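Q: Mind looking over this structure? Questions follow.
We did not get these values from a lab; they are worked out from the coordinates using the rules stated. Computed from a predicted structure; not experimentally measured. Here the Cβ is made from the backbone with ideal geometry for all residues, glycine too, and neighbour counts use every protein chain on show.
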Amino acid sequence: TGPEKVAALARRKASGPPLTMLTAYDYPTARLFDDAGVDMLLVGDSLGMVVLGFPDTTHVTMDHMLHHVAAVARAKPRALVIGDLSIGTYPDPETALANARRLVAAGAEAVKLEGGVRQAAKVRAIVEAGIPVCGHLGMLPQRVLEEGGYKKKGKTPEQSAAILEGARALEQAGAFAIVLESVVPSAAEWITSQIGIPTIGIGSGEHTCDGEVAVATDLIGTFPWFVPPFAKPEANLAPQITAAAAAYCRRVQSVPISHPG
Ligand code: KIV
Ligand code: NA
C-alpha cells in the first residue's frame, strides 16, 4: 500500500492540509503517534543520536536501521512508514536498490536518502522497482563531518539555486517528496513554489513548506542533552521519567530488608 498512500500524500501539495511527519524508532512510539493521526512515520537515522547514543548519524548501519524499521512496522501504522538509507548504503544505483529492498522487507513502505543531483540515478533505480523515495536536501547530517557542523543552507541566491537544482533532479527521478533541512525560510518557500512534489521542512521556518517533520525526542522532550534551536517541544517527559525511576527506588527501599542477614 506504500504507492497508494504516497499518491494520496502527494496530492496534498495542491489540496492541503499540510503534511505531518514524525520520527519513530520503536513499536510503542509508532503506535502512539499513529493514533494521533500523523501522516508519515520516519525511521530516521537520527536513531543513531537520539536512541543509540552515537555523536552523529555517521555511525548508523543498515543492521541498525532494519532492526528499528521492523519494530515500527510491527505497529501496523496507518501512517506511511519511511526508512532512512543510512550512510554508505547507497554508493551506486544497484547497491541503493538492494538496500532499499532490505528496508522494505523489514517493513518500510518508502525510503529516504540524502542529496540531490548526485543521487538522481539511485532514486530512479529505486522508484522504477516500485519503492517510493523521499529526498532530503539542505543540511545533510550524513555529511556533518565534512561540513564541520550543522549549518544553515540557502543563504545566498547561488546556494538556493543549487538546492532547487537538486530538488528538480529528485522530482524528475521520481521522488514523491523532499525533506528540506535547515534551509533559510525564504529559500524553502521559494523552492517549494518551484517544484511539483511536496516539501517537508525541518529547521526551515514554519509554514514555509508543504509539511513539516520533527524528531520525536525533540517533540516529547526525552533527549534533553541536545535540543536544536528550532525544536518546538509539546511535552517535557525527561523529568517525569527520572521522577518515576526515583519514586520506584524510594518505594523499593522504603522498607528495610527483613530476612536475617
Ligand atoms: O533522521 C532523521 O530524523 C531525519 C529527519 C531530520 C528528516 O532525516
Ligand atoms: Na535522517
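Q: Within the stretch 73-82, is there a residue that is more than 19 Å from Thr1 (Cβ to Cβ), in contact with a helix residue (DSSP H, G or I) (Cβ under 7 Å, 6 or more places away or on another chain) and either among the polar types (S, T, N, Q) or surrounded by fewer than 17 Cβ atoms within 10 Å (Cβ to Cβ) (or both)?
A: no
Q: Counting just the residues of the stretch 173-188 that are crowded, with 19+ Cβ neighbours inside 10 Å and not small (Gly, Ala, Ser), which one comes out farthest from Val117 (Cα to Cα)?
A: Val184
Q: Give the stretch 32-49 a look and list any residue that's within 8 Å of ligand 1 (Cβ to nearest atom), outside any strand (DSSP E or B) and not charged (D, E, K, R), or say none.
A: The answer is Gly44, Ser46, Leu47.
Q: Where in the stretch 161-261 are there strands (runs of 3 or more DSSP E), lying wholly inside it, with at least 2 residues that are in contact with a Gly (Cβ under 6 Å, 6 or more places away or on another chain)?
A: Answer list for the stretch 161-261: 177-181.
Q: With of a type in the set (D, E, K, R), without any contact (Cβ under 8 Å) to a residue 40 or more places away in the chain and under 30 Å from Glu147 (Cβ atoms) as the only criterion, which of Asp63, Asp45 stands out?
A: Asp63
Q: Based on what the data block shows, is Ile200 more than 18 Å from the chain's Cα centre (by Cα), of a type outside the set (Phe, Trp, Tyr) and within 16 Å of ligand 1 (Cβ to nearest atom)?
A: Against the criterion (more than 18 Å from the chain's Cα centre (by Cα), of a type outside the set (Phe, Trp, Tyr) and within 16 Å of ligand 1 (Cβ to nearest atom)), Ile200 does not qualify.
Q: Filter the stretch 91-118 for residues that are of a type outside the set (Val, Ile, Thr) and within 14 Å of ligand 1 (Cβ to nearest atom); which is surrounded by the fewest Cβ atoms within 10 Å (Cβ to Cβ)?
A: Gly115
Q: Another question about this same structure. Considering the stretch 48-79 alone, what residues qualify as being of a type in the set (Ser, Thr, Tyr) and within 12 Å of ligand 2 (Cβ to nearest atom)?
A: Thr57, Thr58
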